[in-house]
Amino acid sequence: MMGDYRIYRDGILFGLICDNSLYIKPTSQGAAQLKELVMRFPYQGAKEHFLITDVDDRDYLVAIIKATVPALPRPRPKRNPMTESKKPM
């Protein structure tokens, strides 16, 4: 697995902080908000993400996140064996 930090909004994983760099999952909606399109691998074995170089501009970050999160798939609900009814034998 990877280290560092995962970033969520509304239960959706959209970004990572690895080696003091901010990475956002790539979407066409997010790409439209970027000042510069830089793709990098956040860690070995990961898929490419957008590398966000301007992390001091709050409005810029909010715009990227608001564009990216709705474009990402919703997580599947986890199965809870404690709430499922037992099957009759």
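The values are calculated or read from the model by the stated rules, or taken from the named source; none is laboratory data. This is a predicted model, so every value here is computed, not measured. With ideal geometry, Cβ positions are generated from the backbone for all residues, glycine too; neighbour counts draw on all protein chains shown.
In the stretch 35-50, which residues are at pLDDT 95 or above, buried (at least 18 other Cβ atoms within 10 Å of the Cβ) and out of contact with any helix residue (DSSP H, G or I) (no Cβ under 7 Å at 6 or more places or on another chain)?
Listed by number, the list holds a single entry, His49.
I'm trying to understand the selection: among the residues of the stretch 59-84, which are in contact with a Ser or Thr (Cβ under 8 Å, 6 or more places away or on another chain) and closer than 9 Å to Gln29 by Cα?
Hits for the stretch 59-84 are Ala67, Thr68, Ala71.
If you scan the stretch 38-77, which residues turn out to be in contact with a Pro (Cβ under 9 Å, 6 or more places away or on another chain) and assigned to a loop (DSSP other than H, G, I, E, B)?
Lys47, Glu48
Residue-by-condition table, conditions (1) within 28 Å of Pro77 (Cβ to Cβ); (2) out of contact with any strand residue (DSSP E or B) (no Cβ under 9 Å at 6 or more places or on another chain):
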| residue | (1), (2) |
| --- | --- |
| Ile7 | yes, no |
| Leu13 | yes, no |
| Asp19 | no, yes |
| Ala32 | no, yes |
| Met39 | no, no |
| Lys47 | yes, yes |
| Ile52 | no, no |
| Asp57 | no, yes |
